[in-house]
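The values are calculated or read from the model by the stated rules, or taken from the named source; none is laboratory data. Nothing here was measured: the structure is a model prediction, and the numbers come from that model. A quick note on method: Cβ atoms are made from the backbone with ideal geometry, for glycine too, and the neighbour counts reach across all protein chains shown.
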Amino acid sequence: MSMSTNPDPDAVKTKKAGPPPPLEPLVDTHAHLDDPRMRPHLGEILARARRAGVVQVVAIGTTAADSADVAAIAGEQPGVFAAVGFQPNNVVDAVAGDWGRIVELAARPRVVALGETGLDRHWDRSPFGLQQEWFQRHLDLARERDLPVVIHCRECEADVVAQLAGMGGPVRGVLHSFTGGREQAEAFLGLGLHISFAGMLTFANKNLDALREAAAAVPLDRLLVETDSPYLTPHPLRGRGNEPAFVTWTARKLAEIHGVSDLELARIVTANARALFRLPDADLILAPARGEPGRPASA
Ligand SMILES: [Zn+2]
């Protein structure tokens with residue numbers, strides 16, 4: 001059989017779905033733009049993002065080295081800002097001087113947050129006490145510098161809630177790629193956090209209905225959207241690498257869940273992202289010119 005009569009099933013799904021009409025403005029609040037799957041193609045990826053209506057991206061660090069890289073990307077690319085920090089699974093690899101580098105990077109212009117930091121019992125890669133120590137460093141520095149924190153939490157919601165409660169007041173930040181249920185969402189909201197949803201919200205799996213119920217319970221003024229690209233590609237594009245343009249699928253699902261128009265939802269989550277990360281309104285990803293990648297030649 002030829003390729004044309006036996007195409008790749010993912011390609012069929014993708015083709016059927018087609019690219020969604022642009023939804024503007026959106027901010028992808030969590031993307032690993034330094035990832036080797038994206039770093040060499042940033043120009044095209046950002047052009048496609050802008051074409052889809054994504055006007056700003058927060059690029060997220062997970063080690064001292066990639067925090068330096070996302071800060072550099074933010075320095076080069078209009079509309080891209082950075083968060084610097086150590087992801088909990090990586091703290092076991094930290095060497096002397098790494099924290100000092102994060103503290104230094106946090107002072108750079110266009111670094112708008114600390115993270116991703118947090119706790120992770122799923123991978124159990126870094127000793128839990130060490131994860132808590134590093135999480136606390138990020139929380140303390142965030143408070144000192146008046147920066148928001150980007151929090152990763154996997155299978156340890158109660159631990160994250162306890163540590164945040166220990167800060168003795170509201171914490172400015174976001175629980176990123178939230179995967180819990182309604183009660184957990186309410187606990188994080190009670191601590192002052194925003195809650196960000198990624199592609200899992202769009203997956204058809206019945207066992208994710210609890211996640212959708214949690215999303216419905218988050219007040220509109222605390223909602224954010226993200227890709228966590230190159231991970232967590234939303235339906236109907238699953239099976240390929242994720243990128244900031246695809247945040248539109250998650251935003252549409254969130255609009256459906258909240259019973260508001262796509263455009264209204266986009267305006268709300270974008271205003272939320274800009275307020276939380278203090279993003280300048282006018283610093284946007286450049287619109288691709290005619291004939292450039294991301295813009296069809298016919299447009
Ligand atoms: Zn991440």
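Would a scan of region 249-269 turn up a residue that is under 13 Å from Leu23 (Cα atoms), part of a helix (DSSP H, G or I), among the aromatic types (Phe, Trp, Tyr) and under 15 Å from the mean Cα position of the chain (by Cα)? Within region 249-269, one or more residues are under 13 Å from Leu23 (Cα atoms), part of a helix (DSSP H, G or I), among the aromatic types (Phe, Trp, Tyr) and under 15 Å from the mean Cα position of the chain (by Cα). Scanning region 213-233 for residues that are buried (at least 18 other Cβ atoms within 10 Å of the Cβ) and away from the ligand (no atom under 16 Å from the Cβ) gives Ala214, Ala215, Val218, Arg222, Leu223. If only residues of region 143-155 that are more than 18 Å from the chain's Cα centre (by Cα) and more than 16 Å from the ligand (Cβ to nearest atom) are counted, the one that is surrounded by the fewest Cβ atoms within 10 Å (Cβ to Cβ) is Asp146. Which is among the acidic types (Asp, Glu) and within 21 Å of Ala273 (Cβ to Cβ), of Asp146, Asp159? Only one candidate qualifies: Asp146.
Taken as a whole, region 179-191 holds at least one residue that is at negative phi, touching a residue at least 24 places away in the same chain (Cβ under 8 Å) and within 15 Å of the ligand (Cβ to nearest atom). Scan region 25-50 for residues that are acidic (Asp, Glu) and in a loop (DSSP other than H, G, I, E, B) and jot them down. Asp34, Asp35, listed by residue number. For region 229-245, taking the residues that are assigned to a loop (DSSP other than H, G, I, E, B) and among the small types (Gly, Ala, Ser), the one that is nearest to the chain's Cα centre (by Cα) is identified as Gly241. Across region 165-172, not a single residue is classified as closer than 25 Å to Asn89 by Cβ, within 16 Å of the ligand (Cβ to nearest atom) and buried (at least 16 other Cβ atoms within 10 Å of the Cβ). The requirement of being within 13 Å of Leu265 (Cα to Cα) and either at pLDDT below 95 or not basic (Lys, Arg) (or both) is not satisfied by Leu211. Considered as a group, the residues in region 98-132 that are in contact (Cβ under 8 Å) with a residue 12 or more places away in the chain and among the small types (Gly, Ala, Ser) include one that is surrounded by the fewest Cβ atoms within 10 Å (Cβ to Cβ), and that residue is Ala107. Scanning region 197-228 for residues that are under 30 Å from Met38 (Cα atoms), without any contact (Cβ under 8 Å) to a residue 24 or more places away in the chain and part of a helix (DSSP H, G or I) gives a single hit, Leu208. In region 234-265, the qualifying residues are those that are within 16 Å of the ligand (Cβ to nearest atom) and of a type outside the set (Gly, Ala, Ser), and the one that is surrounded by the fewest Cβ atoms within 10 Å (Cβ to Cβ) is Pro234.
Please find, within region 31-44, the residue that is farthest from the ligand (Cβ to nearest atom) out of those that are of a type in the set (A, V, I, L, M, F, W, C) and surrounded by fewer than 24 Cβ atoms within 10 Å (Cβ to Cβ).
If we take residues in region 31-44 being of a type in the set (A, V, I, L, M, F, W, C) and surrounded by fewer than 24 Cβ atoms within 10 Å (Cβ to Cβ), then Leu42 is farthest from the ligand (Cβ to nearest atom).
Scanning region 46-63 for residues that are within 16 Å of the ligand (Cβ to nearest atom) and among the aliphatic types (A, V, I, L, M) yields Val57, Val58, Ala59, Ile60.
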